[in-house]
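The values are calculated or read from the model by the stated rules, or taken from the named source; none is laboratory data. What you are looking at is a predicted structure, and each value in this text was computed from that prediction instead of being measured. Quick reminder, even Gly has a Cβ in these numbers, built from the backbone with ideal geometry, and neighbours come from all protein chains shown.
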Amino acid sequence: MTNEGGRFTLRSALLGERNESRHSYRRRSGEPWFFRRGASGRLQHQAAVYNITVEEVGPDVVITGQGQIDLTGLSSAGSNFFIGAIIIPGGGVISFGEGAVDSYLTGVVFPDTGGLIATQPTSRSGDSFAFDSTFGSDFLFVPSGYASLSDLFSSMTFAGATLASLGFDVGVYQSIFGNNTVTIAVGANVVPLPAALPLFIAGVAGLGGLGARRLRR
C-alpha cells in the first residue's frame with residue numbers, strides 16, 4: 001500500500017498479491033444470504049453483517065452502507081491512512097471516505113459489481129469505510145480506532161447518475177471473511193438482520209404446517 005502524504009491511493013493494491021484462498025459469492029443459490037456452510041456442511045450465521053445498497057433514487061444514485069465489522073482474526077495492514085470517497089465497480093472498490101482509517105487484510109477478494117469506471121460522489125456522509133480489490137488485493141478500511149462490532153453507517157450520492165452510467169450491474173453480491181458477511185445489493189432488495197430472521201423462521205414454520213396438512217389429507 002502507498003501512503004503519499006498520508007493519502008491512500010489505489011496503487012496500494014499492488015501490495016496485495018497473496019497466495020491465500022479467497023472466496024467471493026454472488027447470489028448464493030438456495031441459501032439465505034445471512035448464512036454460510038461450515039466444514040461440517042451445516043449453515044452458520046456470521047457474527048457481523050454489513051449491507052451495502054446501491055439504488056436509483058429519483059434522478060440520482062444513492063449508495064448506503066450499514067452494519068458491523070468483526071476484526072477478530074484479520075491482519076492489520078497499517079493505520080492512520082487517509083482515503084477519499086470513490087467507487088470502481090469492476091475493481092471491487094467502494095469507498096465512503098473521507099477521513100483517517102485503519103487497514104486490514106481480509107484474505108478475500110471483494111466481488112466486482114460492473115465495469116471499470118471510477119467515479120467520485122457529489123456528496124457523502126457518515127463513517128469512513130471502504131474496501132479495495134483492485135489487482136486482486138484484499139484491503140478493508142475502517143475508521144481509525146474502530147472498536148470491533150461497533151455500528152457503522154455511511155452514505156454517498158451521485159447526482160444525475162444512473163446505475164448504468166456508473167458501471168454497475170444489477171444483482172446481489174456477497175463476500176464472507178472471518179466472522180463477517182458483506183452483501184452488496186445493486187438495484188435489488190436485501191432484507192437486513194435482524195428483520196430477516198423472523199421472515200426466515202416464519203417461512204420454515206409455514207412449510208412445516210403445509211406438510212402436516214398434506215399428511216392429514
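The set of residues from the range 56-74 being farther than 19 Å from Gln174 by Cα, modelled with pLDDT of 95 or more and among the small types (Gly, Ala, Ser) comprises just one member, Gly58.
Looking only at residues of the range 90-105 that are within 14 Å of the chain's Cα centre (by Cα) and assigned to a loop (DSSP other than H, G, I, E, B), we find that the one that is farthest from Phe158 (Cα to Cα) is Gly92. For the range 126-145, a residue qualifies if it is over 17 Å from the mean Cα position of the chain (by Cα) and within 20 Å of Phe82 (Cβ to Cβ), and the qualifying residues are Ser144, Gly145. For the structure I just gave you, tell me whether Gly73 is small (Gly, Ala, Ser) and touching a residue at least 12 places away in the same chain (Cβ under 8 Å). Here the answer is yes, as Gly73 does meet what is asked. Taken together, the residues in the range 146-156 that are closer than 26 Å to Leu116 by Cα and over 17 Å from the mean Cα position of the chain (by Cα) amount to 0. Ala185 - would you say it is in contact (Cβ under 8 Å) with a residue 24 or more places away in the chain, farther than 19 Å from Ser75 by Cα and within 14 Å of the chain's Cα centre (by Cα)? Yes. From the list Val108, Val182, the lone residue that is within 24 Å of Asp70 (Cβ to Cβ) and part of a loop (DSSP other than H, G, I, E, B) is Val108.
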